[in-house]
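The values are calculated or read from the model by the stated rules, or taken from the named source; none is laboratory data. None of these values were measured; they are calculated from a predicted model. Here the Cβ positions follow ideal geometry from the backbone for every residue, glycine too, while neighbour counts run over all protein chains shown. Heavy atoms of the whole protein, side chains included, go into the accessibility calculation; ligands, DNA and RNA do not. Shrake-Rupley method; radii C 1.70, N 1.55, O 1.52, S 1.80 Å.
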Amino acid sequence: MPTPDTDSATAIDTPTDWWRARRDALLDLARTGTPRYVYSGATLREQARKLNATGVLDRLLYAVKANAHPGILDVFYREGLGFECVSPAEVERVLGLFPGLARDRVLFTPNFVPREEYEWAFGQGVRVTVDNLYPLEAWADTFRGQDIFVRLDPGQGRGHHDHVRTAGKHSKFGIDLGDLGRLADAVAASGARVTGLHAHVGSGVDDPEAWADTAETLVAATASFPDVRILDIGGGLPVPSASGEASFDLAHAAELLRGVRQRHPEFELWAEPGRYLVAESGVLLCRVTQTKEKAGVRYIGLDSGMNSLVRPAMYGARHPIVNLSRLDAPPAGPHEVVGMICESGDAFGHDVELPESHEGDVIAVGTVGAYGASMASRYNLREPARETLL
Ligand SMILES: *Cc1c(COP(=O)(O)O)cnc(C)c1O
């Protein structure tokens, strides 16, 4: 069970807090309509530069599914990042926004898609990752003469929740290391060339050793694929959440990756983070609609809900929550912060320490730049929060 003190955003001291300094501007924006996602362009750039500054990654690809807002994509384009896309629509958005983008800076990494999507992607000239044996064995013609990445399952999923661990026996992603021989045969029979090995083991992986481990696993697998030049170690870099988790030791992870590079200078190292790049840039502004006390439990109701931000309901994700209208007011005990969707899981936070709050107050939910707007829906036929990039 979470403890109340770590629920409050005041317990965290991270870049998540950019929005404290911009409080007045955010309250002005809230007057023009809520619910509203607001993103800080400066924080986006800061995160991209922090990763580039490690000097251990030859290429950074932004995982578009975390947040496909055109302004956010533009910030990363200007920072020189490539893009990792999981659907043709994501590829089209990126190519449509940036006609000058070199096609080899786009990596299409689909899962269980029909044959036509691979053919379409080769037609677009983007890089393609194959993550099952089936396409190579059943549709060998599609891959003849093509350079491809293959996605391997290093065998151990990691991440902040079962639903985001994308490797291991019970994951639908990737090719088992035990099938490398069969994979090499399928590649040879199809006439494709494997130029990159890929792995993405989960989201919110806070063990700094995980990245170098993944890289070494891929290095070992290159024995079966002599054309490999690129090792893509995936995404999953964590950000601090309201659960008080220790902040990720990026310097340590980078140091271990530097060791991998020194041992194997013949390979380029790529990574494709989503959450790390965008999560902390986003805050969701909502208004208090009603308050309530029932059976000793206090509720604060907001003019939004799981249709705008589903992570707390879906993953039990913890987000910092503050009353932006009363930032300096004393805490008045734990509250359930709930939305207006007709679903009992419709909450943004449980046991959240908040001041006495009133109808019309602006509540800010932090660290929502990733998998917030991009997972929003029209459930209950309610429009999800609009978006503003500062
Ligand atoms: C979702 C995804 C990512 C990004 O994951 P984050 O946890 O947001 O960093 C990277 N690669 C692939 C293949 C993905 O599906």
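Would you kindly derive the ³J(HN,Hα) couplings of region 263-272 from the backbone phi angles with the Karplus curve 6.51 cos²θ - 1.76 cosθ + 1.60 (θ = phi - 60°), listing them in order in whole Hz, with x for Gly and Pro?
Taking θ as phi minus 60°, the curve returns 6, 9, x, 6, 10, 8, 10, 10, 9, 9 Hz for region 263-272.
Keeping every protein chain in place, order Val297, Val322 by accessible area at 1.4 Å, biggest value first, i.e. largest first.
Val297, Val322
Output ³J(HN,Hα) for region 42-59: one whole-Hz value per residue in order, computed from phi by the Karplus curve 6.51 cos²θ - 1.76 cosθ + 1.60 with θ = phi - 60°, and x for Gly and Pro.
4, 5, 4, 5, 4, 5, 4, 5, 4, 5, 4, 5, 5, x, 9, 10, 6, 8
List every residue whose amide H lies under 5 Å from the amide H of Arg382, counting only residues 5 or more places away in sequence or on a different chain, with H placed 1.01 Å from N in the peptide plane.
Under 5 Å from the amide H of Arg382 lies no amide H from a residue far enough along the sequence or on another chain.
Could you give the dipole magnitude of region 39-111 about its Cα centre, charging the beta-carbon of Lys and Arg +1 and that of Asp and Glu -1, in debye to the nearest 20?
120 debye
Pop a pseudo-label 7 angstrom from the Cα along the beta-carbon direction at both Ser247 and Asp179 and give the gap in nm to one decimal.
4.1 nm
Go through Val288, Gly316, Ala253 and say which Cα lies farthest out towards the positive end of the charge dipole of the chain; charges sit on Cβ, +1 for Lys and Arg, -1 for Asp and Glu.
Val288
Quick one: accessible area per residue over the chain, 1.4 Å probe, rounded to a whole number of Å²?
The answer is 41 Å² per residue.
Can you show me the helix-derived [θ] at 222 nm for the chain, built from DSSP H runs with n ≥ 4 at -39,500 (n - 2.57) apiece and divided by the number of residues, rounded to the nearest 500.
-8000 deg cm²/dmol
Taking H placed 1.01 Å from N in the peptide plane, check which residues at least 5 places from Asp232 or on another chain put their amide H under 5 Å from its amide H.
The list, which skips near neighbours in sequence, is Leu197, His198, Ala199, Trp270.
Might you work out the accessible area of Glu255 for me, using a 1.4 Å probe with all protein chains in place, and round it to the nearest 10 Å²?
100 Å²
State the percentage of accessible surface on the chain attributable to carbon and sulfur atoms; use a 1.4 Å probe and exclude ligands, DNA and RNA.
Ligands and nucleic acids excluded, carbon and sulfur give 49 percent.
With a 1.4 Å probe and all protein chains in place, put His198, His350, His170 in order of accessible area, largest first.
His170, His350, His198
Under a crude label model (7 Å from the Cα following the beta-carbon direction), how far is Glu343 from Asn111 in nanometres?
Each label point is offset 7 Å from its Cα along the Cβ direction, giving 1.9 nm.
Taking N as the number of residues in the chain, what is its alpha-carbon radius of gyration divided by 2.2 N^0.38 Å?
1.04
Taking 0.36 nm per residue of sequence separation and subtracting the Cα-Cα distance, how much length would be gained by fully extending the chain between Arg49 and Asp74, in nm to one decimal?
Extra length from Arg49 to Asp74 when fully extended: 7.5 nm.
Please identify, among Leu97, Leu26, Leu218, the residue showing maximal mean-square fluctuation in a Gaussian network model of the chain using a 10 angstrom Cα cutoff.
Leu97
7 Å from Cα along Cα→Cβ at both Lys172 and Arg229: what's the point-to-point distance in nm?
Going by the 7 Å Cα→Cβ label model, 3.4 nm.
Considering amide H positions built from the backbone, and no H for Pro or chain starts, which residues 5 or more places from Thr388, or on another chain, come under 5 Å of its amide H?
Under 5 Å from the amide H of Thr388: Tyr37, Val38, Tyr39.
For region 328-342, just list the computed ³J(HN,Hα) in residue order, Karplus coefficients 6.51, -1.76 and 1.60, θ = phi - 60°, integers in Hz, with x standing in for Gly and Pro.
Each residue's phi maps through the Karplus curve to give 9, 6, x, x, 10, x, x, 10, 8, 9, 10, x, 10, 8, 7 Hz.
If I take R0 = 35 Å and measure r between the Cβ atoms of Asn380 and Thr32 in this structure, what FRET efficiency does the formula 1/(1 + (r/R0)^6) give, to the nearest 0.05?
It comes to 0.90.
Report the full-extension gain for the segment Thr289 to Arg258: residue separation times 0.36 nm, less the Cα-Cα distance, to one decimal in nm.
6.0 nm
Just read off the accessible area of Asp153 with the full protein assembly in place, 1.4 Å probe, to the nearest 10 Å².
Only protein atoms counted, so the area is about 10 Å².
Nearest 0.05, what FRET efficiency do Glu359 and Ala42 give at R0 = 25 Å with Cβ-Cβ as r?
0.15
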